[in-house]
Amino acid sequence: MNLPNKLTLLRVVLVPVFMVFMMFDSLWAKLAGLLVFIAASLTDMLDGKIARSRGLVTTFGKFADPLADKMLTTAAFLVFMEKGIIGAWPIFIVLAREFAVSGIRLAAAADGTVIAASFWGKFKTVTQMISIIAGILLMCIELIPTDVANMITALLIWLSVLFTIISGVEYVLKNRKLLTFK
């Protein structure tokens, strides 16, 4: 197994570690959760750069990397929902997009085609990760009233949901030939 794929698997392993820290209400636990989330997010950036620069792009990586991203961001959104910061709708929209894109990727794989992440798909992931990091930071800043911090976090997440929708529409339009019914 090459280094980029190991980094992807590390991101998967860090997801439950992140969630455990975020379940505690203490400042140190939130900061630890933030650090774990940032470390996991950095593995996303590193694995792709290393794979492309060293010619280590694999079919496994093309499938596992987006899956690891989905696990990480979904875990964070679930934490925000459990804490009452966001409702179920943004999570539903994100998951619906992820299932749709995964279905398109599976249909393409059946024809021997691998669909790599697009610009909008990558941008969606970056905006989700930034909104999550900002949201956790806002949880840690005790000078900002909780209601205000939660409202800012929810707005950032909804902004990332907008890019989630845009990237989902792009994947469907680009790959509509795979969606024909015979």
**Prompt:** Among the residues of region 42-64, is there at least one that is modelled with pLDDT under 95 and closer than 20 Å to residue 161 by Cα?
**Reply:** yes
**Message:** Pairs needed: first member in region 27-51, without any contact (Cβ under 8 Å) to a residue 60 or more places away in the chain and hydroxyl-bearing (Ser, Thr, Tyr); second member anywhere, assigned to a helix (DSSP H, G or I) and crowded, with 20+ Cβ neighbours inside 10 Å; C-beta distance under 9 Å; at least 6 residues apart or different chains.
**Reply:** 43/7; 43/8; 43/11; 43/14; 43/68
**Message:** Which of the numbered conditions does residue 91 fail, given that it passes all the others? Conditions: (1) among the aliphatic types (A, V, I, L, M); (2) free of Cβ contacts under 8 Å to residues at least 24 places away in the same chain; (3) surrounded by 15 or more Cβ atoms within 10 Å (Cβ to Cβ); (4) more than 27 Å from residue 169 (Cα to Cα).
**Reply:** (4)
**Prompt:** From the list 157, 104, which one is touching a residue at least 12 places away in the same chain (Cβ under 8 Å) and out of contact with any Ser or Thr (no Cβ under 7 Å at 6 or more places or on another chain)?
**Reply:** 104
**Residue satisfying all of: in region 11-28; surrounded by 15 or more Cβ atoms within 10 Å (Cβ to Cβ) and not β-branched (Val, Ile, Thr); farthest from residue 127 (Cα to Cα) among these** = 21
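The values are calculated or read from the model by the stated rules, or taken from the named source; none is laboratory data. On a predicted model such as this, the values are computed, not experimentally measured, just so you know. Glycine also receives a Cβ, built like all others from the backbone with ideal geometry; neighbour counts cover every protein chain displayed.
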